[in-house]
Every structure is written in C-alpha cells, then in structure tokens.
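Working notes, structure below.
The values are calculated or read from the model by the stated rules, or taken from the named source; none is laboratory data. If you're wondering where the values come from, they're calculated on a predicted model, not measured in any experiment. Note: areas computed on protein heavy atoms with side chains; ligands, DNA, RNA excluded. Shrake-Rupley method; radii C 1.70, N 1.55, O 1.52, S 1.80 Å.
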Amino acid sequence: MTATASLRAITYNTFCGGLDAGDDARLRVQTDMLAGLKPDLLCLQECTGWTNRHLCQVANTLRMVPIAMVRSRVHREPGTPNGTTLLYKPSVLQLVDWCALGQGVFHHALIQAWLRPRAAVDDSCDFLAFGTHFAWPDGDGRLREARMLTDYGGAFPGAPGGAVLLGDLNTPDREPDDWAVIPKNLHSRYRFVRPSGKFGGTDQRAVHVLLESGWRDPQMVFGDPAAATVGHFWDTEPNPWRLDYTFTAGHVQATDYFVWDTPVARRLSDHLPVVCDLMTRRDEQSATGTSGHAQVARDRPACPAA
C-alpha cells in the first residue's frame, strides 16, 4: 500500500530583488506572474534590498508562508546583501522543522526544510526541501557547496526518504557554441582554470556530482532538455544556458517540468522561472519509524496581512 501527495515547486532568481532604485513595480509584476503559476513550494534567489515588508508582500499575495530569509555571507558590491528565501503554501504543506545549513561555507545560502503534505495522516510522505543559490565566481566554490547536498541523493540516517532541491546553481549545462560571444573577463566564472591559468571547457562538476550521488534531473525526462534559463537578458552573456535547476531524490518524483519562458518573463529578470510538479510516493509498510519526526508538524506564523 502506498501514500501519495502532489504539489508544485518553483525556483526563480528575481534579479536584484525585483527592485529598481527602490521601486517595487517589477517585483509586483513578478509576484503576479508567480501567482499565475500557483507554487506550493517556492525558492527565490537574489532578494537584494528586501525588508520584511517585501517578503510579506510576496508571501501574502501568493498565500504562502516564509520558512526563512538567509542573507548571503559574501556579496560582490557594497550595500544591501543578497538573500535567499524559501516559502510554502500552508494549505498544502506543513513545516516540521528547518535550518540554515552551510553557514560560513556557502557564498549565498542553503535552506533545509522538513515538510509534510497537509493531507498526510502520518510521516510516510515527509520530504526535505532545499532552497539554495550557489556561488557565482568559480566552479571550485560551487563544487564545495554541492558536496553539502550529495548525502541527500540517497537514503541518509535521520532524514526522510525523499528530497527536492530548488536553486540557482550558477552551473552551465552545456558548452557554448562559441566562447567568443562571451567576454573573456567572464570566462573564469564558468570554465575550468588549468594550473597554467589557461581556460578549459565548461565546469559542470557541481551538477554532475549531484547527479552521480543519486539526485535526478526532471528536465531530461519532461519537455525540452535544452531549455535555457539565462541568455536572454544581457548583451555580455547572450549564450543560452540552464543555470537554474530542480532536482528530486528518493520518493519525491517529478510528474512534469518546464521553464516558464514568455516575453514578460524575459523582461522581468535575467533568469526564467523553473516549474516542477511533484508527487511524494511512499510505501507505508516500509515507512514507519524511519523519520524520527513523529510529532505533529508545526507551522510558522504567517506574515501579517498586507
């Protein structure tokens, strides 16, 4: 006998928090776009300049609850630091526990949430959700960060048997047709750097180590495997790449997956939203006693009404 539950997960880099010189007009349009996509679980990266008012504005519009907003440890420019947030819809999910992992290691952030489908009668459909933003400067940094997630590609003591990873992993999924279209001063972000300092090919190690560890890539199963999330916005980075990913593991299975690529989405950010429909499916007979979280799940307080 099995227990199942369905939900929709989205990851989206907002580009400077959706704010332009403090004006939140772009953020409001982004939020309306996300509302139309109906996320039950949402990771937002680059929430630069956000106050609690911005976070609650987004959460209230989407009828979601913030699990956490974690500020970046390192930021490239003076001023307001970057931020990563993870939100869930309390009508669909319950929060059992959460923590910020990798503090002092991650360039940006890694949020871990233990979630339970609202309709579940026990912990058999529990899963971990990870919301993250990997380092932009180099593949070595991203590989270090990815290694903090490899444990959860398979069975791991004290964790439920399923997981979903949502993030801007800043890791290209392919070689460009021509490196010459990308200015050389940006190559060190995405390419191997040999001991001589010369550039090699695209550094995809962070993604490959996750897949080698058991994480699954739904884009290879659903829709267009070559769909890109960046390359439409900057003249200096015109190459279409996928930098944003949703991976699944264990009893969390993808049932659909697509990049939301529309003219409006292309104007709103230098990244496009990634949408993944999920099903948690667990054999009830083998699930009992495995989670270590038998208590009733607890919800975080919602933001005050806007």
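So here's what we get for this one:
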{"read-out": "Gain upon complete extension [Trp234, Arg174; 0.36 nm per residue less C-alpha separation]", "value": "19.8 nm"}
{"read-out": "J(HN,Hα) series, the stretch 203-209, from Karplus relation 6.51 cos²θ - 1.76 cosθ + 1.60, nearest Hz, glycine and proline x", "value": "8, 10, 4, 4, 6, 4, 5"}
{"read-out": "Along principal axes, Cα extents of the stretch 31-90, largest first, whole Å", "value": "34, 18, 18"}
{"read-out": "Carbon plus sulfur fraction of accessible area for the chain, probe 1.4 Å, in percent", "value": "53 percent"}
{"read-out": "Stretch gain in nm, segment Asp32-His208, where the contour uses 0.36 nm per residue and the Cα spacing is subtracted", "value": "60.0 nm"}
{"read-out": "Accessible solvent surface per residue of the chain, calculated while the other protein chains remain in place, 1.4 angstrom probe, Å²", "value": "43 Å²"}
{"read-out": "The chain - percent relative contact order, Cα under 8 Å, separation 6 or more", "value": "23 percent"}
{"read-out": "Relative counts (whole %) of C-alpha pair distances in the stretch 147-239, using bins that are 5 Å wide", "value": "2, 11, 18, 21, 16, 14, 9, 5, 3, 0"}
{"read-out": "Geometric extent, Cα atoms of the chain - Rg, Dmax (angstrom)", "value": "18.8, 59"}
{"read-out": "Aspartates and glutamates with Cα under 13 Å of Lys184, excluding same-chain neighbours fewer than 8 positions away", "value": "Glu237"}
{"read-out": "Expected 222 nm ellipticity per residue - DSSP helices of 4 or more, -39500 (n - 2.57), all of the chain, to 500", "value": "-4500 deg cm²/dmol"}
{"read-out": "Under 19 Å from Lys89, Cα to Cα: lysines that are on another chain or at least 8 residues apart", "value": "Lys38"}
{"read-out": "Cα-based Rg of the stretch 150-197 normalised by 2.2 N^0.38 Å, two decimals", "value": "1.79"}
{"read-out": "Length gained when the stretch Thr80-Thr150 is fully extended (0.36 nm per residue, less Cα-Cα span)", "value": "22.1 nm"}
{"read-out": "The stretch 9-119: translational diffusion in µm²/s, Stokes-Einstein, Kirkwood Rh over Cα pairs, 10 °C, 1.306 mPa s", "value": "111 µm²/s"}
